[in-house]
């Protein structure tokens with residue numbers, strides 16, 4: 001039995017957990033979706049009472065560093081026949097069959113650190129079936145202000161951050 005070989009194998013077995021740990025933490029540094037950036041404070045679940053349609057919206061970070069807002073819960077998601085409401089007013093006909101609790105409201109939201117705002121995208125209003133330029137900012141620590149505007153005419157709504 002070669003003693004050097006046994007010592008080498010034993011040393012490798014002892015070092016393996018440290019190597020795996022180093023590789024895992026190195027991988028986290030290159031994946032933007034696992035980073036905590038200043039713009040990440042927008043990530044969470046929000047309560048929205050827009051047009052008396054209570055819903056929850058989840059904002060999450062995409063791999064490219066932008067943010068997406070998607071409906072994740074609707075209080076009255078079914079009609080009187082038990083059918084789930086669909087996105088029937090969507091101008092994109094291919095999206096009209098999406099259930100109301102899975103509609104993407106904003107995609108590609110970009111954080112502007114200088115202004116402490118998120119924008120460079122459009123917000124979709126499924127109640128009216130329209131898209132508007134969107135800007136988001138926190139008006140209070142747990143209150144997201146969303147301003148949607150078309151040709152300078154706009155509307156502001158507030159979402160309460162739950163988590």
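Read-outs: derived from the displayed coordinates by stated rules, not from any lab. All of these numbers come straight from a predicted model, not from anything done at the bench.
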Stretch gain in nm, segment residue 150-residue 81, where the contour uses 0.36 nm per residue and the Cα spacing is subtracted:
21.3 nm
Percentage relative contact order, region 47-120, counting C-alpha pairs under 8 Å, at least six apart:
26
